[in-house]
Structures are given as C-alpha cells and as structure tokens.
1. Output the residue which, of all residues in segment 42-62 that are buried (at least 18 other Cβ atoms within 10 Å of the Cβ) and in a helix (DSSP H, G or I), is modelled with the highest pLDDT.
2. Please find, within segment 21-62, the residue that is nearest to the chain's Cα centre (by Cα) out of those that are aliphatic (A, V, I, L, M) and within 20 Å of Pro5 (Cα to Cα).
3. Take the residues of segment 64-76 that are of a type outside the set (A, V, I, L, M, F, W, C) and in contact with a Leu (Cβ under 9 Å, 6 or more places away or on another chain): which is modelled with the lowest pLDDT?
Amino acid sequence: MNLDPTWLFLSLIPGAIGFVLFVYGKKQERWLHVATGLSLMVYPYFVGNAVPMLLVGAAVVGGLWLAELRHTRVRGYTQQLSAKLSLQGKSAPRTLSKVLGTGYEVRRT
C-alpha cells in the first residue's frame, strides 16, 4: 500500500464507484453488483501503481458488464420463448422448465 497523497486520491475513484455499486446492489438485491462493488472498494489496497490499478479495475467492471449482457440476453430469450409458447396455447413456465433444464421457473411480472 502506497501512502503518497496522489496515490491515495487516485485510489478513491474505484473505491467510490465500488461504493455506489455496492449500495445499488444491496438496494436492488443483486449479488453480482454487491460483489463487484466490494471488489472495487478493496483491490486498490493491494495494487502497487497506476497501470495495474487501471487494468484490474477495467477487468472487474468488464466482468460485470459481460455478466449483465449475458443475463439480459437470457432474460430476452426466455421472454421471447414464453411469448411463442403462449401463442401456441402451451403453459409457458412448465414448458420453459423442460426446454431450459430442470429447476428453471419463470416469474410472471
């Protein structure tokens, strides 16, 4: 850990972003945002200079982005499949459970 004033100030940036993600994830009950926020708050303590801090921060936020992208695609796919199945007169949650694997349930909103 570096105690240089410039370094301390620069390490506040990912910490602040992490805090916002943590609070958002906690309020929305999204564990991935909570975990990403915690990691963004903690990792500057273990990184020695600016380049690794930038790379690690980008990797953590990029991982969150990829996970959200995948989640959005899966959710969109299940909504499309549910709409197709309801047009065919089939029970969407039961059929989706069969198509996507065991234990999958669709919540009606």
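1. In this case the residue turns out to be Val60.
2. Ranking the qualifying residues of segment 21-62, first place goes to Leu40.
3. For segment 64-76, the residue satisfying everything is His71.
The values are calculated or read from the model by the stated rules, or taken from the named source; none is laboratory data. None of these values were measured; they are calculated from a predicted model. FYI the Cβ positions are ideal-geometry reconstructions off the backbone, even for glycines, and counts take in every protein chain you see.
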